[in-house]
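Undergrad: Here you go, one structure.
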Amino acid sequence: MLINKELHKKTIELFNTKNEALKSIAQQIRAKTISNNVYLRAIIEISNICEKDCLYCGIRSSNKRKKHYFLNSDDILGLTKSAYDLGYRSIVIQSGEQTSNHFIEFIDKIIRKIKENFDIKIVLSCGEQQQQVYKQWKKSGADRYLLRIETSCPELYKKIHPNNSKHSFKSRIKCLMDLKKLNYQTGTGIMIGLPGQTLTDLAKDVEFFLNMDIDMLGMGPYIPNPQTPLYKDADINLEENYHNTLKMISICRILMPDINIASTTALEAIHSYGRIEGILYGANVLMPNITPEKFVQDYSLYENKPKSMGLQKTYLNELGKALKKLSYSLILKDPGAPLHYINKHTP
């Protein structure tokens, strides 16, 4: 990818700005462009079965320590109803990457059942699929799709994935392009602090987001999982990863003011106030986990994963109060469509 020198320089300058100053700029741009509303997405991690073997991920296919699980349709519909009753209007169906016909049809069935019963937006996070599968799911009612690139640097991508056809950088890019062609509200994201990752890599990631014209973004600090090959190479400073993630949230808000940016769970895995701090740095989406607690640790992408709290009314009330004290509003009964997507599709 050719580097836009002016954009690259701007990104580096922003990254080298002190955190408080950067946060202030992002807050001003966010308030002016998309208001201080914070929207909710309820995550259901329906299965930890994965065909991929990514070197950083706790649910990789070679991890024999994890217990496999797969929620049934009644469980998923029940969780969706509980979330809907609490005021969620956007739900994330997330899974390890699977491409079997059974999985494809199961997801299609779930989409249709949810849409038949609830006026709620469906976000899919089900990995790489053939274009016709994405088309089928869109036709059945899926609205949004999250497919994280993890890094837009092909060389770094190769270092954190096995060298085989199942882990192709080009294939992942093609999937993102397919999703955009099908008019999904399209999201991607990266890990920050990967072994070997440089500031130049992060600047290129920002340029990638802009060139891809994404609608949604989710970035998190890299947190090593001891049950992965990358762990032994991970001389990682979690505090540095945490603060650099906050910086990247602000930078992306400044350069892409009208997209949706999630304050991710991984921030809270490092600090209990992490997701709130992500909002202060420019994020406008929170994604509470509503997966049954007995399965949460089996969906162990990284260490110290927070508990499933999204269906506790007291948790949402406390979250709303905490945000209100900081002059933000937690919005219920609104799916919070990305303004960027709306503007692109409004005549």
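The values are calculated or read from the model by the stated rules, or taken from the named source; none is laboratory data. All figures in this text were calculated on a predicted structure; none of them were measured in a lab. Reconstructed Cβ throughout: ideal geometry from the backbone, glycine too, with neighbour counts over all protein chains shown.
Undergrad: Does E51 fit the bill of being closer than 30 Å to L202 by Cα, in a loop (DSSP other than H, G, I, E, B) and out of contact with any Cys (no Cβ under 9 Å at 6 or more places or on another chain)?
TA: Yes: the conditions hold for E51.
Undergrad: Looking at Y281, Y273, which is the one that is more than 18 Å from I43 (Cβ to Cβ) and free of Cβ contacts under 8 Å to residues at least 60 places away in the same chain?
TA: One residue alone meets the criteria, Y273.
Undergrad: Are any of the residues in segment 94-112 surrounded by fewer than 17 Cβ atoms within 10 Å (Cβ to Cβ), basic (K, R) and free of Cβ contacts under 8 Å to residues at least 12 places away in the same chain?
TA: Checking segment 94-112: not a single residue is surrounded by fewer than 17 Cβ atoms within 10 Å (Cβ to Cβ), basic (K, R) and free of Cβ contacts under 8 Å to residues at least 12 places away in the same chain.
Undergrad: Collect the residues in segment 160-198 that are out of contact with any Pro (no Cβ under 9 Å at 6 or more places or on another chain), in a helix (DSSP H, G or I) and over 19 Å from T228 (Cα atoms), keeping them in residue-number order.
TA: Within segment 160-198, S165, S171, R172, I173, K174, C175, L176, M177, D178, L179, K180, K181 qualify.
Undergrad: State whether the residues of segment 22-45 include one that is of a type in the set (S, T, N, Q), assigned to a helix (DSSP H, G or I) and closer than 25 Å to T198 by Cβ.
TA: no
Undergrad: For residues in segment 255-296 being at negative phi and of a type in the set (G, A, S), which is farthest from the chain's Cα centre (by Cα)?
TA: In this case the residue turns out to be S272.
Undergrad: Still on this structure, I have one more. Within the bounds of segment 325-340, is there any residue that is at positive phi and within 18 Å of the chain's Cα centre (by Cα)?
TA: The answer is yes; a qualifying residue exists.
Undergrad: With respect to K115, is the statement that it is assigned to a helix (DSSP H, G or I), modelled with pLDDT of 95 or more and surrounded by fewer than 17 Cβ atoms within 10 Å (Cβ to Cβ) true?
TA: Against the criterion (assigned to a helix (DSSP H, G or I), modelled with pLDDT of 95 or more and surrounded by fewer than 17 Cβ atoms within 10 Å (Cβ to Cβ)), K115 qualifies.
Undergrad: Taking I214, is it more than 23 Å from H102 (Cβ to Cβ) and either buried (at least 20 other Cβ atoms within 10 Å of the Cβ) or at pLDDT below 95 (or both)?
TA: Yes, satisfied.
Undergrad: Could you list, in sequence order, all residues of segment 185-216 that are under 27 Å from Y134 (Cβ atoms) and of a type in the set (S, T, N, Q)?
TA: Q185, T186, T188, N211
Undergrad: Looking at L156, L146, L176, L182 in this structure, which one is in contact (Cβ under 8 Å) with a residue 24 or more places away in the chain, in contact with a Lys or Arg (Cβ under 6 Å, 6 or more places away or on another chain) and not polar (S, T, N, Q)?
TA: Selected residue: L182, the only one of L156, L146, L176, L182 that is in contact (Cβ under 8 Å) with a residue 24 or more places away in the chain, in contact with a Lys or Arg (Cβ under 6 Å, 6 or more places away or on another chain) and not polar (S, T, N, Q).
Undergrad: Quick one: which residue in K52, K5, K66, K9 is touching a Gly at 6+ places or on another chain (Cβ under 9 Å), modelled with pLDDT under 95 and closer than 30 Å to K170 by Cα?
TA: K66
Undergrad: Among residues belonging to segment 86-112 that are assigned to a helix (DSSP H, G or I) and of a type in the set (D, E, K, R), point out the one that is farthest from N317 (Cα to Cα).
TA: Per the criteria, the residue is E105.
Undergrad: So for segment 177-189 (the condition being under 18 Å from C57 (Cα atoms) and touching a helix residue (DSSP H, G or I) at 6+ places or on another chain (Cβ under 8 Å)), does at least one residue qualify?
TA: Checked segment 177-189: at least one residue is under 18 Å from C57 (Cα atoms) and touching a helix residue (DSSP H, G or I) at 6+ places or on another chain (Cβ under 8 Å).
Undergrad: Would you confirm whether or not segment 13-21 contains a residue that is within 27 Å of E240 (Cβ to Cβ), under 21 Å from the mean Cα position of the chain (by Cα) and among the aliphatic types (A, V, I, L, M)?
TA: no
Undergrad: Okay, moving on. Tell me which residues, restricted to segment 83-131, are more than 20 Å from I49 (Cα to Cα) and touching an Asp or Glu at 6+ places or on another chain (Cβ under 7 Å).
TA: Result: R89, K121, I122, Q131.
Undergrad: Quick one: which residue in I261, I331 is touching a strand residue (DSSP E or B) at 6+ places or on another chain (Cβ under 6 Å), under 25 Å from I214 (Cβ atoms) and without any contact (Cβ under 8 Å) to a residue 60 or more places away in the chain?
TA: I261
Undergrad: Right, another one. Looking only at segment 226-235, decide whether some residue is among the aromatic types (F, W, Y) and surrounded by 23 or more Cβ atoms within 10 Å (Cβ to Cβ).
TA: no
Undergrad: Report yes if K67 is more than 16 Å from R41 (Cβ to Cβ), charged (D, E, K, R), surrounded by 14 or more Cβ atoms within 10 Å (Cβ to Cβ) and over 22 Å from the mean Cα position of the chain (by Cα), otherwise no.
TA: Judged against the criteria, K67 is not a match.
Undergrad: On the basis of being part of a helix (DSSP H, G or I) and crowded, with 21+ Cβ neighbours inside 10 Å, does Y134 make the cut?
TA: yes
Undergrad: Okay, next question. Given the criteria surrounded by 21 or more Cβ atoms within 10 Å (Cβ to Cβ) and more than 21 Å from H243 (Cα to Cα), does G58 qualify?
TA: Yes, satisfied.
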